[in-house]
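S.K.: Got a structure here, written out as structure tokens. Questions coming.
The values are calculated or read from the model by the stated rules, or taken from the named source; none is laboratory data. Just so it is clear, the structure is predicted and the values come from calculations on it, not from any experiment. Please note: Cβ atoms are built from the backbone with ideal geometry, for glycine as well, and neighbour counts cover all protein chains shown. Remember, those area values only see protein heavy atoms, side chains included, never the ligands or the DNA or RNA. Shrake-Rupley method; radii C 1.70, N 1.55, O 1.52, S 1.80 Å.
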Amino acid sequence: MIDFTVRRYKKLLQALLNNEYQFQTFQEFIITPQKKSIILRHDVDLLPKNSLVFAQIQASKGIKGTYYFRAVPESWDKEVILEIATLGHEIGYHYECLTTTKGDLELGIYDFQKNLSELRALVPVSTICMHGSPLSKYDSKDLWKTYKYQDYGIIAEPYFDINYDKIYYLTDTGRRWDGHKTSVRDRVNTVFTRKFHSTSEIIEVLNAAVFPNQVMFTFHPQRWNDNVLQWSKEFVMQNVKNVVKKHFFVKH
Ligand SMILES: [Zn+2]
């Protein structure tokens, strides 16, 4: 059975539910972290309707997550943003300002402010998350070497405000759960050594009730598809990107 399908996703959610985790938005976790907590983070890089499907599935099970939207047409779908917020999820800004402005800090913070206030004209926003832009040499997190996101009413950014020695981190980068090697920027330092490759491995460990208590999952819903044609299209694109990324950025 192929992995990273919506069907498999539902099984993962059910396994988490069976283990009686609390599902917290990133904002909620920062303010009042629960002992047994799951943060479902979604980076809406493209195909926002896929994220809407995830948001609807979660809502039907009484679960909440956090959705980060980019300020580009392939992510920023006003209707989808409003609908996901209405379902009770948190909306955040997936910023890439130093990529957009080719490393110009002043233009970058201007771009940040402008996009943030446009998003806030739609929904409340209190957390942000960097978009990796793997093919860019600029790291948008560098904005915060000069500026403070707290000055813009932002309470947290997952790459700065989480202790990954305490909170277990999993990301679906490259349609596998141990694809951090091919990720240029979506990587964290951690003491956890357990790695997972497939979603069913995670489900197995959940069924054995030995999964960590506090976990952040990062999903890119455009990678999850029940339609074989769509699934293959994303698969081909991902492999092209990985070859490019390896060539330019990954130390051997
Ligand atoms: Zn992203």
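S.K.: If only one of LEU47, LEU82, LEU12 is open to solvent by 70 Å² or more (accessible area, probe 1.4 Å) and more than 17 Å from CYS129 (Cα to Cα), which one is it?
M.R.: Every option except LEU47 fails the conditions.
S.K.: Then there is this: Working only within segment 141-161, note down all residues that are of a type in the set (Val, Ile, Thr) and within 24 Å of VAL123 (Cα to Cα). Can you show your working first?
M.R.: Within segment 141-161, the first condition is being of a type in the set (Val, Ile, Thr), and the residues that meet it are 146, 154-155.
Answer for segment 141-161, where residues must be of a type in the set (Val, Ile, Thr) and within 24 Å of VAL123 (Cα to Cα): ILE154, ILE155.
S.K.: What are the residues in segment 192-220 that are farther than 25 Å from CYS129 by Cβ, of a type in the set (Val, Ile, Thr) and in contact with a helix residue (DSSP H, G or I) (Cβ under 8 Å, 6 or more places away or on another chain), if any?
M.R.: Result: ILE203, single match.
Yes/no matrix, rows are residues, columns are (1) under 22 Å from LEU82 (Cβ atoms); (2) open to solvent by less than 60 Å² (accessible area, probe 1.4 Å); (3) among the aromatic types (Phe, Trp, Tyr); (4) within 16 Å of the ligand (Cβ to nearest atom):
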| position | (1), (2), (3), (4) |
| --- | --- |
| THR99 | no, yes, no, yes |
| LYS102 | no, no, no, no |
| ILE109 | no, yes, no, no |
| ASN115 | yes, yes, no, yes |
| LYS137 | no, no, no, no |
| TRP144 | no, yes, yes, no |
| GLN150 | no, no, no, no |
| ILE154 | yes, yes, no, no |
| TYR159 | no, yes, yes, yes |
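S.K.: In addition: Give the residues of segment 117-135 that are open to solvent by 30 Å² or more (accessible area, probe 1.4 Å) and away from the ligand (no atom under 16 Å from the Cβ), sorted by residue number.
M.R.: Filtering segment 117-135 for residues open to solvent by 30 Å² or more (accessible area, probe 1.4 Å) gives 117-118, 120-122, 124, 134-135.
Scanning segment 117-135 gives SER117, GLU118, ARG120, ALA121, LEU122, PRO124.
S.K.: Confirm whether VAL72 is within 15 Å of the ligand (Cβ to nearest atom) and closer than 19 Å to PHE26 by Cβ.
M.R.: no
S.K.: Which of (1) in a helix (DSSP H, G or I); (2) within 15 Å of the chain's Cα centre (by Cα) is the odd one out, the single condition LEU46 does not satisfy?
M.R.: Unmet condition: (1).
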